[in-house]
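Bear in mind these aren't lab numbers, they're just calculated from the coordinates by the rules spelled out. What you are looking at is a predicted structure, and each value in this text was computed from that prediction instead of being measured. Positions of Cβ are generated from backbone atoms using ideal geometry, with glycine treated the same way; all protein chains shown enter the neighbour counts.
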Amino acid sequence: MRAWCLAFALLTLPAGVSAESPTPEESYGKAKQACEQGNPDACALMGVHIQNGKGVARDLSRARGVFEQACKNGSQIGCTDLAALYSDGSEPTQRLTLATTLYEKACKAKVGRACSSIAFLIREKRITARKTKHFLSFAKQGCVLKNGWGCYLLGTDALERTNQPKVARKHYADSCTFGHAPGCILLGQMHVSGKGGPTDSARGATLFYRACDLGQPKGCGQLGRLTQAGLGIEKSPTKAAKLFKIACDAGDERSCTDLGMACIKGLGVPLDYSCAKKRFKQACEAGNARGCTNFGLMAYRGLKQRKNVRKALRYYEKACAMGDPKSCGFVGLLYLDELSTIPGSAGLAKQALTRSCQAGHTFACDALTPPR
């Protein structure tokens, strides 16, 4: 994903800015060499490469061993990485207790990520003995130590618990400055919407660009939407489609739907129903309701396939269950028309149309009203 993002970045990087960076293999090799020379922090970095399969074969068991050795040799970064493995939700409860101990020790040694990690566990109520004041204390420590996650947690708390969007903006700005992509995205959204301060779509585009460049696919997708609409950035359906592809291929399901729409409308890419069908299905399988709706519509209309009402119903129902009320309306219309012979279809139609009507879709409300 990083390579694709940089390929796009090269189209627009300011003069004099280099997009070159070491390959994962080079980075792993340097960390391994420094580790063998007795640098425990380098051993921790080597473990991260092994854990993520970057420049070396992925091996969680080996990564854990490397983190344990790094921690034993005095690397508080290694202890933090080890604690992250212990607190990932798949380990026994006693491992979480050990993780907390390791995090606290590393936090006292001024490892910002360790402080932020404790704050996160408190916020998620996985450490039940701690209260909000403890969460804020650890999150602030993480942020002061320039860990963007800690600032991000403070911003989210200001937004969700105390309803202070202006304060949230400040914390998200710090988070983004310290390289935490989700903070860039949320701050970008606030600039585009005007929440907590003035509306500034151009600033939002810059923040989404930074998130994308940091490797966050949702940032690429957000930048694509602004680029497609020409908000705060030059309008370019072609660049937007490229960004949607980058984000979709990296796992952002919403961008898969956006790319499908670009393919079905010929926006920035040639009109291509096969592409649309592939991307809508990809989005749907990843949990995007709109992708399911659009895949169902293609089945109903017989685009790049034979018309299949039952298949359309299946995907409409899936989208409806995932929270897309418009699809609920489509379900209702099918039960009123092509599938009206199915036992209980009238009741199923009324139930689905009512749900869609209550969400404000007038076509569903009209279908509920008997003809005069």
- Full extension between Lys133 and Ala286 adds, at 0.36 nm per residue less the Cα distance, a length in nm of 51.4 nm
- Message: Helix 325-336 against the longest principal axis of the chain: what's the angle in degrees, Cα atoms only, rounded to the nearest 10?
- Response: 30
- Query: Put a dot 7 Å past each Cα toward the Cβ at Lys350 and Arg314; how far apart are the dots in nm?
  - Reply: 2.9
- Task: Provide Lys170, Lys108 in ascending order of the number of other Cβ atoms located within 10 Å of each residue's Cβ, fewest first.
- Result: Lys108, Lys170
- Residue among Ala299, Leu348, Pro270 farthest towards the positive dipole end of the chain, charges placed on Cβ: Leu348
- Item | Computed FRET value (nearest 0.05) for Lys304 with Glu26, which takes r as the C-beta separation and R₀ as 56 Å | 0.80
- Sites Ala229 and Asn163 - FRET efficiency at Förster radius 30 Å, r taken between beta-carbons, to 0.05: 0.55
- Size of electric dipole in the chain: Cβ of Lys, Arg +1 and of Asp, Glu -1, about Cα centre, debye, nearest 20: 700
- Based solely on C-alpha atoms, express the radius of gyration and the Dmax of segment 57-120 in angstrom. 11.1, 33
- Note on the structure: In degrees, nearest 10, the alpha-carbon axis of helix 289-301 is tilted away from the dominant principal axis of the alpha carbons of the chain by 30
- Given the options Gly291, Gly188, Gly344, which has the most mean-square fluctuation in a GNM of the chain, springs set between C-alpha atoms less than 10 angstrom apart? Gly344
- Item | trypsin sites (Lys or Arg not before Pro) restricted to segment 199-273 and DSSP loop, no more than 13 other C-beta within 10 Å | Lys235
- Which of Leu98, Ala114, Phe135, positive extreme of dipole for segment 56-142 (C-beta unit charges): Phe135
- For the modelled label position 7 Å from the Cα of Ser236 along Cα-to-Cβ, which residues of segment 206-230 have backbone nitrogen atoms closer than 17 Å? 206-213, 220-230
- Note on the structure: Taking a crude spin-label model, label points 7 Å out from Cα along the C-beta direction, the Leu271 to Ala57 distance in nm is 5.0
- Item | Inter-part distance where segment 303-358 and segment 151-212 are each reduced to a Cα centre, Å | 39
- Gain in span if fully extended, Asp88 to Gln189, counting 0.36 nm per residue against the direct Cα distance: 33.5 nm
- Item | Cross-link pairs beyond the 20 Å C-alpha cut-off, checked among Lys54/Lys110; Lys54/Lys281; Lys140/Lys195; Lys245/Lys265; Lys72/Lys105; Lys195/Lys265 | Lys54/Lys110; Lys54/Lys281; Lys140/Lys195; Lys195/Lys265
- Rounded to the nearest 10, the angle in degrees between the Cα long axis of helix 93-108 and the longest principal axis of the Cα atoms of the chain comes to 60
- Grab the Cα-Cα distance for Asn73 and Asp249, subtract it from 0.36 nm times how many residues apart they are, and report the gain in nm with one decimal. 59.4 nm
- Task: Take the alpha carbon atoms of segment 216-287, find their radius of gyration, then divide it by 2.2 N^0.38 Å using N residues; give the quotient.
- Result: 0.98
- Note on the structure: The farthest towards the positive end of the charge dipole of segment 216-287, of the residues Cys256, Phe280, Ala229, given +1 on Cβ of Lys and Arg and -1 on Cβ of Asp and Glu, is Ala229
- Given that just one value was derived from the coordinates, which of (i) 39; (ii) 35; (iii) 20 is percent of Cα pairs over 36 Å apart? (i)
